[in-house]
Structure formats: C-alpha cells, structure tokens
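Accompanying notes for the structure given below.
The values are calculated or read from the model by the stated rules, or taken from the named source; none is laboratory data. If you're wondering where the values come from, they're calculated on a predicted model, not measured in any experiment. Don't worry about glycine lacking a Cβ; one is built from the backbone with ideal geometry, like all the others, and counts go over all protein chains shown. Side chains are part of the model used for accessible areas, which takes the heavy atoms of the whole protein and leaves out ligands, DNA and RNA. Shrake-Rupley method; radii C 1.70, N 1.55, O 1.52, S 1.80 Å.
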Amino acid sequence: MNHIKSLIYIAYCLAAIGLFFTSCSSDEKITKEPPAKDLVLKAREFLQEDIVLSTHATMNGVNKTLLPAGCPTKFNFTWPDNNTMKVSLKNFSVGKMPLTVSFRCDVEFIQLNTYEKDTYKGSGWIKFQGNDGETFSEENAGNGTSNTVKGSGITGYFNVDTKQINFIVDYNMMSVRSECFLQTIDKTRIDRFEQEFEQYEKDLAKYKEEHGLS
C-alpha cells in the first residue's frame with residue numbers, strides 16, 4: 001500500500017512539474033508577440049521627440065543621483081518603423097561620474113507576461129525591450145562615429161492611457177545604469193529642463209554638504 005501511495009505521489013509531482021513548464025513555455029511565447037496595434041499607435045503618437053523624465057543613475061548598484069526625486073534627464077524618442085522606437089540620450093552625466101554617455105537603442109513592443117501583469121495592473125500597459133544599443137559621437141549630432149555595446153539594453157513599460165512610464169537603461173559600461181522609476185510623463189517639463197537641472201545641481205551640492213560627501 002505504501003508503495004502504491006509513493007507511486008501516486010511521484011506521478012502527481014511529475015504532472016505538476018509538467019504543467020509548470022508548459023505554462024512557462026506558453027507564457028514565454030505570448031511575450032514574444034506584439035501587443036494590439038492600437039496600443040502601439042497610441043504610444044507612437046505620444047512618445048515623440050524630447051521628453052524629460054526623472055532618473056536615478058547607478059554605478060555598481062550605488063545611486064549616484066542621491067536625491068530621492070532623481071535627476072531630470074532628457075530622452076529622445078523617434079520611430080524607425082511602426083513597431084520600433086529608438087530611445088536616445090545625449091551627454092548624460094551626473095555629479096562626478098567618471099564618464100559622460102551618449103547612448104541609443106532600438107526597442108520593440110511586446111506583450112506583458114503573466115507576472116508583469118500582476119505588477120502593472122489595469123489596461124493600457126505595453127512593454128518595450130531592446131538589446132545591444134550603441135554609444136555615439138555627439139560632435140556629429142549623433143550621425144557620426146558609433147559603437148555597438150554588446151550586453152547593453154533597455155527594458156521598460158508604458159501605459160498608453162495614464163501616460164505612466166518606467167524603464168531601465170543598462171549601458172554595460174562600468175556597471176552604469178539609468179533607472180527611470182515609475183512616473184507620469186509631463187511634456188511641459190521640456191520647457192523647464194535647464195532650470196530643473198540647475199536646481200537639481202544646487203540641491204545635490206547641498207545634500208552632499210549636509211551628509212559630508214565630496
């Protein structure tokens with residue numbers, strides 16, 4: 001009897017494992033498919049040209065922007081084709097970071113998987129993802145020398161209804177990343193970018209002084 005119970009238990013475990021991997025395989029297939037065309041169209045209509053977003057710049061996992069509100073950062077959004085968006089930022093540097101980055105990466109829009117839908121609840125969410133971006137020469141307005149950075153990439157989420165966005169840019173250089181935390185896009189920030197950045201620099205200097213940082 002104990003032997004039969006053991007066989008039943010093993011069969012149950014194998015069935016559960018099989019169901020788990022089947023579910024994962026099915027979910028993986030879904031995430032490789034593009035979202036509904038109307039969602040991408042709404043994203044294309046809104047995510048255009050220069051947009052200012054607040055970001056945290058990290059190096060080796062350390063937040064170099066320091067301030068909870070992050071650093072105002074100008075991103076540029078263009079569309080090489082209907083389902084491909086190019087995300088670019090020029091001369092990105094914070095405080096005394098030892099490098100300045102000009103980086104761009106093409107991202108494709110895909111559906112959220114089951115686990116992501118638990119985090120990004122409600123309608124309107126789409127995912128964008130791209131790999132192996134490139135650094136480029138600002139001297140030639142981004143049209144000159146460029147170098148592909150293997151292992152770099154962008155992964156993010158955008159809600160076409162609420163205009164919320166968040167994404168991570170991994171430059172794969174000196175363990176530097178830009179983390180654009182969840183926020184609602186305000187397109188009028190582009191008109192105040194210089195003032196916002198100047199205020200950020202002042203607030204950063206004050207924070208360092210108050211905390212004994214160099």
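Would you call THR188 open to solvent by 30 Å² or more (accessible area, probe 1.4 Å) and in contact with an Asp or Glu (Cβ under 9 Å, 6 or more places away or on another chain)?
No: the conditions fail for THR188.
Give the residue, chosen from ASN113, ASN131, that is surrounded by 12 or more Cβ atoms within 10 Å (Cβ to Cβ) and closer than 27 Å to VAL62 by Cβ.
One residue alone meets the criteria, ASN131.
In the range 168-195, what count of residues is obtained for those that are under 20 Å from GLN129 (Cα atoms) and either without any contact (Cβ under 8 Å) to a residue 60 or more places away in the chain or among the basic types (Lys, Arg) (or both)?
6
Can you go through THR84, THR100 and tell me which one is among the β-branched types (Val, Ile, Thr) and modelled with pLDDT of 90 or more?
The match here is THR84.
Would you be able to say whether some residue in the range 136-151 is in contact with a helix residue (DSSP H, G or I) (Cβ under 7 Å, 6 or more places away or on another chain), in a strand (DSSP E or B) and either in contact (Cβ under 8 Å) with a residue 60 or more places away in the chain or open to solvent by less than 30 Å² (accessible area, probe 1.4 Å) (or both)?
No; the residues of the range 136-151 include none that is in contact with a helix residue (DSSP H, G or I) (Cβ under 7 Å, 6 or more places away or on another chain), in a strand (DSSP E or B) and either in contact (Cβ under 8 Å) with a residue 60 or more places away in the chain or open to solvent by less than 30 Å² (accessible area, probe 1.4 Å) (or both).
I'd like the residue in the range 41-91 that is of a type in the set (A, V, I, L, M, F, W, C) and in a loop (DSSP other than H, G, I, E, B) and, out of all such residues, is least open to solvent (accessible area, probe 1.4 Å).
Selected residue: LEU47.
May I ask you to list the residues in the range 160-179 that are over 13 Å from the mean Cα position of the chain (by Cα), of a type in the set (Val, Ile, Thr) and modelled with pLDDT of 90 or more?
VAL160, THR162
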